[in-house]
Amino acid sequence: HIVPLASGARAALGVEQLIVASAAEQALVRHFAQRYVHARCLEDATLAPLLGDKRAREATGLRPLTLEDVAEHAHPPSEPPPDAWLRALWAAVAARAEADAAE
């Protein structure tokens, strides 16, 4: 099974660990750009439920972006961080915390 990556490449599931993250999360944490499953996959009626299912992700070598990833790798585009970037960061943190709590 092949999935499109955010980088424009394609990758086989189960070969290397790929990361599932929303477009907003991907924009904040560019560190994993070569490993992100394309965000449009999260909008697909067939793929979205699979990508959101913990057991399906584990079986296919996928993992969600974690709060630890965000804390370690989210870097603002400038100092001080723009207000819009800070709002996006905290929205992503809140969404990820909510998703983690649901699992």
Can you run phi through the Karplus equation (6.51, -1.76, 1.60; θ = phi - 60°) for the range 36-43 and list ³J(HN,Hα) in whole Hz, with x for Gly and Pro?
6, 5, 4, 4, 5, 5, 6, 9
So, in Å, what gap is there between the alpha-carbon centers of the range 8-32 and the range 49-103?
11 Å
Let me have the relative contact order for the chain, percent, based on Cα pairs under 8 Å that are six or more residues apart.
29 percent
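Mind checking the full-extension length gain between Ala97 and Lys54? Use 0.36 nm per residue of separation minus the Cα-Cα distance, one decimal, nm. Can you show the working numbers first?
Working: separation 43, 0.36 × 43 = 15.48 nm, distance 1.50 nm.
Gain in length upon complete extension: 14.0 nm.
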Under Karplus coefficients 6.51, -1.76 and 1.60, residue-wise ³J(HN,Hα) of the range 86-97 in Hz, glycine/proline x:
5, 4, 5, 4, 5, 5, 5, 4, 4, 5, 5, 4
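Expressed in whole Å with the largest first, what are the equivalent ellipsoid semi-axes of the chain derived from the C-alpha gyration tensor as the square root of 5 times each eigenvalue? Write out the running numbers ahead of the final one.
On the way: eigenvalues 115, 46, 27 Å².
Value: 24, 15, 12 Å, ordered largest first.
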Taking amide H positions as placed in the peptide plane 1.01 Å from N, state which residues far from Leu5 in sequence (5 or more) or on other chains have amide H under 5 Å from it.
Arg10, Ala11, His38
Not counting ligands, DNA or RNA, and with a 1.4 Å probe, what is Leu42's accessible surface area in Å² rounded to the nearest 10?
60 Å²
Accessible area of the chain divided out per residue, in Å², using a probe of 1.4 angstrom:
62 Å²
Whose amide H sits under 5 Å from the amide H of Arg35, counting only residues 5 or more places off or on another chain, with H placed in the peptide plane?
none
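The values are calculated or read from the model by the stated rules, or taken from the named source; none is laboratory data. Owing to the predicted nature of the structure, the values given are computational and were not obtained by experimental measurement. For accessibility, only protein heavy atoms count, side chains too; no ligands or nucleic acids. Shrake-Rupley method; radii C 1.70, N 1.55, O 1.52, S 1.80 Å.
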